[in-house]
Amino acid sequence: MIAVRPARPGEEFVIEDVIRRSILASYAHFLPKKVFRRIMDADRPGVEARENGPDFAIAELDGTPAGAMLLTGDYVDHLWTHPDFMGRGVGSALLAHAEARAAQAGHPRLTLNCFERNKQALAFYHARGYATERTYTASEDIVAGERVCFMAKQIDPDPAASR
Ligand SMILES: CC(C)(COP(=O)(O)OP(=O)(O)OC[C@H]1O[C@@H](n2cnc3c(N)ncnc32)[C@H](O)[C@@H]1OP(=O)(O)O)[C@@H](O)C(=O)NCCC(=O)NCCS
């Protein structure tokens, strides 16, 4: 059974572990080595977990933390499934949770960025109703030069939401 809940105080290490292992199982295979090395040298998993930990949602699969997601407004900032649990519905549950929360807050759509090279994730998002609105070249130092797809999906905002 998959349950999505807010991260608890002190769970930064859980989030960091999910991000690190998910990156190693994915980005390591499709990003140029130098870009991947810059991400790891900058300790992005640790930095993201420490800076944003309390705002993450965690998905538990049968009681074990299996994925992590960060929603900022109508933007999915992070979505990671631990590789031991990929393909078992964790990413879908976290994305559905993000859509429900964004709708409750009155947003008419959900947005996210995905590397163009990340074919598995692009297919995952397409299958769940997300379309690429534009592609652009990243300028942020650490991933400079990488092509990024900005994706969006229309959702039904809760009419009762006060925005
Ligand atoms: C993309 C990702 C979040 C999907 O989460 P998940 O828990 O594996 O996904 P689910 O089990 O809910 O759904 C499985 C679907 O994802 C696809 N998928 C994408 N990457 C996969 C992977 N590495 N392993 C298994 N399935 C994967 C499957 O093909 C399947 O598609 P379908 O149901 O449309 O046929 C996850 O694979 C992941 O963390 N990838 C690495 C990090 C990443 O790319 N994050 C997104 C950054 S924009």
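Structure notes:
- All positions within segment 52-94 that are over 15 Å from I2 (Cα atoms) and among the acidic types (D, E): D55, D74, D77
- Residue match in segment 18-37 (condition: outside any helix (DSSP H, G or I), within 22 Å of C149 (Cα to Cα) and not polar (S, T, N, Q)): yes
- Taking every residue in segment 78-96 that is more than 15 Å from V18 (Cα to Cα) and pairing it with any residue that is more than 6 Å from the ligand (Cβ to nearest atom) and modelled with pLDDT under 95, at least 6 positions away or on another chain, yields no pair with a Cβ-Cβ distance below 9 Å.
- Only one of V76, V47 that is within 11 Å of the ligand (Cβ to nearest atom) and β-branched (V, I, T): V76
- Filtered by the rule that a residue be among the acidic types (D, E) and exposed (fewer than 12 other Cβ atoms within 10 Å of the Cβ), segment 29-82 gives D41, E51, D62.
- Reported count of residues in segment 104-114, each being in a strand (DSSP E or B), more than 7 Å from the ligand (Cβ to nearest atom) and surrounded by 19 or more Cβ atoms within 10 Å (Cβ to Cβ), is 1.
- Pairs are defined by a Cβ separation below 7 Å, a sequence spacing of at least 6 or placement on different chains, a first member in segment 131-152 that is part of a helix (DSSP H, G or I), and a second member that is surrounded by 12 or more Cβ atoms within 10 Å (Cβ to Cβ); the pairs so defined are I142/R38; I142/I39; I142/A42; V143/V35.
The values are calculated or read from the model by the stated rules, or taken from the named source; none is laboratory data. Given the structure is predicted, the values throughout are model-derived calculations rather than measurements. Quick reminder, even Gly has a Cβ in these numbers, built from the backbone with ideal geometry, and neighbours come from all protein chains shown.
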